[in-house]
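Accompanying notes for the structure given below.
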Amino acid sequence: MLLKKASILVVDDDTDVLTAVRLLLRPQVKEIVTEKNPESLPSLLQQQAFDVILLDMNFKSALNTGNEGLFWLQQIRQMKSRAAVIMITAYADIDLAIRSLKHGAFDFVVKPWHNEKLLATITDALHSKEAGPKITLSKQSTATVETELLGESGAMQDILLKIRKVAPTDANILILGENGTGKELVAKAIHQYSRRADKPFVKVDVGALTESLFESELFGHKKGAFTDAREDRAGRFEAAKEGTIFLDEIGNISLHQQSKLLSVLQNRQVIRLGSNEPTDINVRLLCATNLPLADLANEARFRKDLIYRINTVEIIIPPLRERGHDIILLANHFIKVYASKYMKPVPELGKSTREKLLHYHFPGNVRELQYAIERAVIMADTEVLEAGDILFSPIESAPAAKLLQEETNLEELEKATILRVLEKHGGNLSKAAKELGITRTALYRRLNKYEL
């Protein structure tokens, strides 16, 4: 076990913190060294090599700028130490801790921490030293589709940093984005990096619940509460005890359902159907919807007091068509995943294929790209995936065709026509321009105009 062989250095000017970490780690690791004065770091690192360094963000002595952690992180890196650095921070310094990730820190932990979470973070850091850079909430890929958020675009990097910032809190989060953009992945990432990570993550597609099932599914019921209630049953809120409950498609619930949900959130209690006895709940609430926030602000559709309850912080996920080269990054990730799954050689993306992907409008977003790549990997027998190997679902294309028939705005008609012709010619700009009756340069101008 890596932890048993590890040498850990802890630098913090709080003796209580040093004592607590030493007591926790002494039975778990090979060696634990604690130090109050960060100015001793250079001599310590010259004397021996450490696997992991736990470094406080602020010290009462030395620089006193609020950036001490960043300064000493840079000093560690300048000394070419190969130790994985985990920053120790308080809530007030989370912004600085997030900045530290950009300067090479492996992760950060928020005081006071759960011992299990701290041990897990140290273990992850040790694994990262063996396997290479950390593969979570990063630009890099993994072998699983379900738990990875990938993106080099500015929009996605902002989202990843926002997740790091809000996850350690218990703030209610509203996740907004079109279908297929990865709202559930964001919710899981928030849970994974929260203090509740070792507790349940319970997802409920509330938009699919009928009026009769809504209360029973969320709040539970007693035996005999209705015809098919043959035994007592806990609802999803109780099932998520001390963990996270993720209410997907929250924008689709009725005003009556909203009223019931609001009452639970205000009182922090649920009452099972058929019972008068309230049960206290302790959960982190995450919600998601594909509706724009402006639509939710319509009181005829959604209660404003409920919006305020579920929307302490909002995270807006951009559609795939606005994420630029992330499309190619994701495509290559899915190629590796499905080539491994179906035991096939890993093909490359041809130049025409990359152009096709970059100029397609992806109404189904990342989900549509994933399915298109899976289909291509299964069907292709060549070392290079060509444009013709990538087939997009007519299910997703149907709304665009409907828009073309019904749209009367000239700019929207032009935009929809360009998208349709580009798709027809597999992203070939020359052929698309010829069919549209314009020059290639004119087509480029229109692509820039509509941000396609």
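The values are calculated or read from the model by the stated rules, or taken from the named source; none is laboratory data. Fair warning: this is a prediction, and the values are worked out from it, not measured in the lab. In this analysis, Cβ positions are derived from the backbone assuming ideal geometry, glycine residues included, and neighbour counts consider all displayed protein chains.
Looking at segment 18-40 only, could you name the residues that are in contact with a Ser or Thr (Cβ under 9 Å, 6 or more places away or on another chain) and either among the aliphatic types (A, V, I, L, M) or part of a strand (DSSP E or B) (or both)?
Within segment 18-40, L18, V21, V29, E31, I32, V33, T34 meet the criteria.
Please go through segment 250-270 and pick out each residue that is out of contact with any Leu (no Cβ under 9 Å at 6 or more places or on another chain) and buried (at least 17 other Cβ atoms within 10 Å of the Cβ).
Hits for segment 250-270: nothing passes.
Mind listing whichever residues of segment 257-275 are farther than 20 Å from D232 by Cβ and either without any contact (Cβ under 8 Å) to a residue 40 or more places away in the chain or aliphatic (A, V, I, L, M) (or both)?
Selection gives L261, L262, S263, L265, N267, R268.
Looking at segment 184-207, which of the residues that are within 19 Å of V366 (Cα to Cα) and among the charged types (D, E, K, R) is surrounded by the fewest Cβ atoms within 10 Å (Cβ to Cβ)?
Per the criteria, the residue is E184.
Conditions first: (1) assigned to a helix (DSSP H, G or I); (2) without any contact (Cβ under 8 Å) to a residue 12 or more places away in the chain; (3) not aliphatic (A, V, I, L, M). E299 passes all but one, so which condition is the exception?
Going through the list (1) assigned to a helix (DSSP H, G or I); (2) without any contact (Cβ under 8 Å) to a residue 12 or more places away in the chain; (3) not aliphatic (A, V, I, L, M), E299 breaks only (1).
What residue, among those in segment 333-390 that are in a helix (DSSP H, G or I) and of a type in the set (G, A, S), is nearest to N290 (Cα to Cα)?
Of everything passing the filter in segment 333-390, A372 is nearest to N290 (Cα to Cα).
Of the residues in segment 320-345, how many are free of Cβ contacts under 8 Å to residues at least 12 places away in the same chain and surrounded by 15 or more Cβ atoms within 10 Å (Cβ to Cβ)?
Residues that pass the stated criteria total 0.
Between L357, L447, L413, which is more than 26 Å from V186 (Cβ to Cβ) and at pLDDT 75 or above?
L447
Regarding L306, is this residue modelled with pLDDT of 90 or more, over 30 Å from Q258 (Cβ atoms) and aliphatic (A, V, I, L, M)?
Taking the combined requirement at face value, the residue does not satisfy it.
Taking the conditions exactly as written (more than 22 Å from Q192 (Cα to Cα) and either surrounded by 15 or more Cβ atoms within 10 Å (Cβ to Cβ) or in contact with a Ser or Thr (Cβ under 6 Å, 6 or more places away or on another chain) (or both)), does L286 satisfy them or not?
Against the criterion (more than 22 Å from Q192 (Cα to Cα) and either surrounded by 15 or more Cβ atoms within 10 Å (Cβ to Cβ) or in contact with a Ser or Thr (Cβ under 6 Å, 6 or more places away or on another chain) (or both)), L286 does not qualify.
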